[in-house]
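Trainee: First, the structure itself, so that you have it in front of you.
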Amino acid sequence: MSRVGKKAVAVPKGVTARLDGQTVSMKGPKGELKFTVPEIVSVKMEGDQIAVANKNDTKVARAQWGMSRAQIANLAKGVTQGFEKKLEINGVGYKAAMQGKVLKLSLGYSHDIDYATPEGVTIAVTKPTEIVVSGIDKQRVGQAAAEIRSYRGPEPYKGKGVKYSDEFIFRKEGKKK
């Protein structure tokens with residue numbers, strides 16, 4: 001049984017929420033987001049709260065129920081606060097720089113990597129070794145951060161590469177003589 005789905009999502013102050021059939025849309029100070037709830041789940045607006053309930057008690061319905069509630073909660077947080085992911089670059093000569101809307105990464109390859117900023121996401125380079133990916137859509141922010149990390153993921157011996165700032169890299173011991 002889903003525990004997440006049981007809790008109603010409170011609509012924050014300054015946010016207008018609309019329900020058109022199965023589509024929930026929220027508009028706040030940071031922007032506007034929409035989410036279409038699957039048909040297997042029902043959604044109701046009760047005052048300043050949005051309640052999600054499953055129509056039948058199958059395993060798929062329970063999974064969709066919790067996921068739908070979490071997505072609606074992410075809409076509410078996204079239009080008020082927004083989301084951000086911080087990335088760190090470790091390694092000699094590894095660095096990042098912004099040129100307009102293109103992120104230039106020097107990650108030890110024979111060429112620089114150009115990453116075009118996706119729509120709805122802003123990328124900032126606070127230091128040459130720190131990247132901040134932010135936006136109102138949690139999925140887009142996470143996807144952009146994952147794509148940047150995938151160019152050179154952290155390796156376990158020296159920890160070189162691009163990693164999330166809160167990520168722990170399990171280090172391995174090197175070769176012995």
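Trainee: How about segment 31-57: which of its residues are of a type in the set (Lys, Arg) and either in contact with a Phe, Trp or Tyr (Cβ under 6 Å, 6 or more places away or on another chain) or assigned to a strand (DSSP E or B) (or both)?
Mentor: LYS34, LYS44
Trainee: Sticking with this structure for a sec: Give me a count of the residues in segment 109-125 that are in contact with a helix residue (DSSP H, G or I) (Cβ under 7 Å, 6 or more places away or on another chain) and more than 14 Å from ALA145 (Cα to Cα).
Mentor: 0
Trainee: Would a scan of segment 107-120 turn up a residue that is surrounded by fewer than 16 Cβ atoms within 10 Å (Cβ to Cβ) and within 30 Å of GLY14 (Cα to Cα)?
Mentor: The answer is yes; a qualifying residue exists.
Trainee: May I pose another question? Can you find a residue that is under 20 Å from GLU167 (Cβ atoms) and more than 15 Å from the chain's Cα centre (by Cα) anywhere in segment 55-74? First the steps, then the outcome.
Mentor: Here is the first cut: in segment 55-74, the residues under 20 Å from GLU167 (Cβ atoms) are none.
No.
Trainee: With the checklist (1) closer than 23 Å to ARG152 by Cβ; (2) buried (at least 16 other Cβ atoms within 10 Å of the Cβ) in hand, flag the one item VAL102 doesn't pass.
Mentor: (2)
Trainee: Any residue in segment 21-30 that is more than 22 Å from VAL121 (Cα to Cα), in a loop (DSSP other than H, G, I, E, B) and at pLDDT below 90?
Mentor: Here is the first cut: in segment 21-30, the residues more than 22 Å from VAL121 (Cα to Cα) are 21-23.
Now narrow it down to the ones that are in a loop (DSSP other than H, G, I, E, B): 21-22.
Now narrow it down to the ones that are at pLDDT below 90: 21-22.
Yes, that holds for at least one residue.
Trainee: Separate question: Considering only segment 54-68, I want to know if a residue exists there that is modelled with pLDDT of 90 or more and closer than 23 Å to SER134 by Cα.
Mentor: Among the residues of segment 54-68, at least one is modelled with pLDDT of 90 or more and closer than 23 Å to SER134 by Cα, which makes the answer yes.
Trainee: Please go through segment 1-20 and pick out each residue that is surrounded by fewer than 18 Cβ atoms within 10 Å (Cβ to Cβ) and in a strand (DSSP E or B).
Mentor: ALA10, THR16, ARG18, LEU19, ASP20
Trainee: Right, next: Would you please name the residue that is nearest to GLN143 (Cα to Cα), looking only at residues in segment 53-91 that are of a type in the set (Val, Ile, Thr) and free of Cβ contacts under 8 Å to residues at least 40 places away in the same chain? Break it down into steps so the answer makes sense when it comes.
Mentor: Step one: list which residues in segment 53-91 are of a type in the set (Val, Ile, Thr), which gives 58, 60, 72, 79-80, 89.
Narrowing the set further to residues that are free of Cβ contacts under 8 Å to residues at least 40 places away in the same chain leaves 58, 60.
Values: THR58: 30, VAL60: 25 Å.
Restricting to residues being of a type in the set (Val, Ile, Thr) and free of Cβ contacts under 8 Å to residues at least 40 places away in the same chain, the top hit is VAL60.
The values are calculated or read from the model by the stated rules, or taken from the named source; none is laboratory data. Just so it is clear, the model here is predicted, and its values are computed rather than measured. Neighbour counts run over all protein chains shown; Cβ positions are idealised from the backbone, glycine included.
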